[in-house]
Amino acid sequence: MAEERSFEIQLARSQQTYTIPADKSIIDVLYENGINHPISCEQGICGTCIVKVLAGEPDHRDSILTDDERNREGQFTPCCSRAFSERLVLDI
Amino acid sequence: MIVRNAWYVAAWADEITEKPVARRICNEPIVLYRTLDGAACALLDSCSHRGAPLSLGTVTEKGIRCNYHGLVFGCDGACVEIPNQDIIPKKARVARYPLVEKDQMLWIWHGDPEKADESMIPDYPFHDDRENWPHIHDMMPVKCHYLMLVDNLLDATHLAYVHPASVGGSAPSVHMVAKNVLDATDNGIKLSRQMSNAPAPPVYNNCVPFPGMIDRWQNFEFIAPAFVIQYSGGVEAGKDRATAGAPRFDMRIFHALTPETDTSCFYFWSTANGHETDNPAATDMIDSEIRKALAEDKVMVEAQQERINEFGEDWLVDNKADAPRVMARRAVAKMMQRQNPD
């Protein structure tokens, strides 16, 4: 497993920005900040947490999204996926 | 989650004769029968006169006759005869369902008849290829939602627990570490599993004794909403699958799940023998072995459905191995969404 890096997310609806450290998931940080985004399997299988990426370059780690869903529809699983870019803007 | 604008298997072609058969499909009572000319028909199983089931009727030269008051209906659902009456009201008709005979199955369409496109019926040429793939087919009613059997078929990790004495037969770890390749298709998914240097499961060994370890494959294609096409087999470990001779095991299974109600379905399947094609006993052997496995699945999924009826599914948490079934369900959901955009 390559070493993870930290990045930022911005929530489009509240305009809040959070830093995701290397050892935490997006969902971890959302929960720490009182944002109860729906989750279930925590490993990119069930699709419960899917959100839309509005900007940035996602690093998809799920096992269920098709290329079309990732690239054209912008679907993303914040439970396990991360970012290649410094910042991701999510439709939350 | 029942997709209406889709083809489902209503029956094996050889199940349906001039003697009407009642079968509830997609929550609607259907009567299936053949005319005296041999054409297969599907009508709503309720006479337009007083509602009696047409499946209690008799097929005559003019059509199916309701055995309550003798009205006769053609394959198009229109009433063609009312005893002792000259007028046949235009409204005296029953719903008819497009029904197509293909690959030894009768395919029914429940949605808008205008949209019934026969090219959407999956191809399965093996049923008619008796020389290379002799097969046996059957149907089993199962008291579970039809997609729970799709889940079951696409989840190999249950093999070791539900089927240790039949198709599983390996330590759970063999199934857990199998090399899986999962791809989305336009209308479903493809899943291939490869297990190298694995012990042959009891079914394989009962059919074709293998002296040692084998390389196994299991290829599944799910076609939304309700079909799984399986090709499984094994050759002696290290041999080339394309060229290896006996001992080898080659089995094709066609699985079609037809919703009966929201919590019950009909499981149509066929098992075909590709390794000992001139030996009917080998075809029988696969059939009897797979039957054991299906009976094992039925016990589990029916008990599972009872719990789901009681507690729902929203609280259930997926495992890593659930990716194929989740993708399959997403493909069905997408198909539904395309049909009902709101």
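The values are calculated or read from the model by the stated rules, or taken from the named source; none is laboratory data. As the structure is a prediction and not an experimental result, all values here were calculated from the model. As a convention, Cβ positions derive from the backbone with ideal geometry for all residues, glycine included, and neighbour counts pool all protein chains shown.
At least 2 residues that are within 25 Å of B:F268 (Cβ to Cβ) and in contact with a Pro (Cβ under 9 Å, 6 or more places away or on another chain) in each: list the strands (runs of 3 or more DSSP E) lying fully within region B:1-95 that qualify.
Where strands (runs of 3 or more DSSP E) fall fully within region B:1-95 and carry at least 2 residues being within 25 Å of B:F268 (Cβ to Cβ) and in contact with a Pro (Cβ under 9 Å, 6 or more places away or on another chain), they are B:7-12, B:21-25, B:28-34, B:40-44.
What number of residues in region B:253-282 are touching a residue at least 12 places away in the same chain (Cβ under 8 Å) and part of a helix (DSSP H, G or I)?
2
Can you spot a residue in region B:250-262 that is among the basic types (K, R) and modelled with pLDDT under 95?
So far as region B:250-262 goes, no, none of its residues is among the basic types (K, R) and modelled with pLDDT under 95.
Suppose we keep only residues that are out of contact with any Lys or Arg (no Cβ under 8 Å at 6 or more places or on another chain) and either among the polar types (S, T, N, Q) or closer than 14 Å to A:S81 by Cα (or both) within region A:6-16. Which one would you say is farthest from the other protein chains (Cβ to nearest Cβ)?
A:Q15
Being within 13 Å of another protein chain (Cβ to nearest Cβ) and not acidic (D, E) is the filter; apply it to region A:73-92 and report the residue that is farthest from the chain's Cα centre (by Cα).
Among them, the one singled out is A:Q75.
Quick check, is B:E101 in a strand (DSSP E or B), farther than 16 Å from B:A293 by Cβ and either without any contact (Cβ under 8 Å) to a residue 12 or more places away in the chain or charged (D, E, K, R) (or both)?
Spelling it out, B:E101 is indeed in a strand (DSSP E or B), farther than 16 Å from B:A293 by Cβ and either without any contact (Cβ under 8 Å) to a residue 12 or more places away in the chain or charged (D, E, K, R) (or both).
Per-residue answers, yes or no, for (1) polar (S, T, N, Q); (2) under 16 Å from B:N152 (Cβ atoms); (3) crowded, with 16+ Cβ neighbours inside 10 Å:
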residue	(1), (2), (3)
B:N187	yes, no, yes
B:S192	yes, no, yes
B:M195	no, no, yes
B:P202	no, no, yes
B:C207	no, no, yes
B:P211	no, no, no
B:F227	no, yes, yes
B:E236	no, no, yes
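Quick one: which of B:A165, B:A160 is over 24 Å from B:I2 (Cα atoms) and part of a helix (DSSP H, G or I)?
Result: B:A160 is the single residue among B:A165, B:A160 that is over 24 Å from B:I2 (Cα atoms) and part of a helix (DSSP H, G or I).
Scanning region B:327-342 for residues that are farther than 17 Å from B:F220 by Cβ and hydrophobic (A, V, I, L, M, F, W, C), which turns out nearest to the other protein chains (Cβ to nearest Cβ)?
So, considering only residues that are farther than 17 Å from B:F220 by Cβ and hydrophobic (A, V, I, L, M, F, W, C), the one nearest to the other protein chains (Cβ to nearest Cβ) is B:A333.
Restricting to region B:72-126, and then to whatever is over 29 Å from B:N273 (Cβ atoms) and hydroxyl-bearing (S, T, Y), can you tell me which residue is surrounded by the most Cβ atoms within 10 Å (Cβ to Cβ)?
Residue satisfying both the conditions and the ranking: B:Y97.
Take the residues in region B:183-230 that are in a loop (DSSP other than H, G, I, E, B) and of a type in the set (G, A, S), then tell me which one is nearest to B:M327 (Cα to Cα).
Checked region B:183-230; the qualifying residue nearest to B:M327 (Cα to Cα) is B:A224.
Within region B:104-129, which residues are of a type in the set (G, A, S) and in contact (Cβ under 8 Å) with a residue 12 or more places away in the chain?
B:G111, B:A116
If we keep just the residues of region A:52-82 that are among the aliphatic types (A, V, I, L, M) and touching a Gly at 6+ places or on another chain (Cβ under 9 Å), which is surrounded by the most Cβ atoms within 10 Å (Cβ to Cβ)?
The selected residue is A:I64.
Name the single residue, out of those in region B:128-144 being more than 13 Å from the chain's Cα centre (by Cα) and over 17 Å from B:E289 (Cβ atoms), that is surrounded by the most Cβ atoms within 10 Å (Cβ to Cβ).
Going through the qualifying residues, I end up with B:C144.
With B:D250, B:D322 as the choices, which residue is crowded, with 16+ Cβ neighbours inside 10 Å and assigned to a helix (DSSP H, G or I)?
From the options B:D250, B:D322, the qualifying one is B:D322.
Looking only at residues that are of a type in the set (G, A, S) and within 16 Å of A:F76 (Cβ to Cβ) in region A:1-39, which one is surrounded by the most Cβ atoms within 10 Å (Cβ to Cβ)?
A:S25
When only residues in region A:28-67 that are more than 10 Å from chain B (Cβ to nearest Cβ) and among the small types (G, A, S) count, which is farthest from B:L154 (Cα to Cα)?
A:G34
Looking at (1) in a helix (DSSP H, G or I); (2) crowded, with 22+ Cβ neighbours inside 10 Å; (3) at pLDDT 95 or above, can you tell me which one B:E310 breaks?
All conditions pass for B:E310, except number (2).
Find all pairs meeting these conditions: Cβ atoms under 7 angstrom apart; at least six residues apart or on different chains; first residue within region B:310-326 and facing another protein chain (nearest Cβ under 7 Å); second residue assigned to a helix (DSSP H, G or I) and surrounded by 12 or more Cβ atoms within 10 Å (Cβ to Cβ).
That search, which allows pairs on different chains as well, returns B:D318/B:V326.
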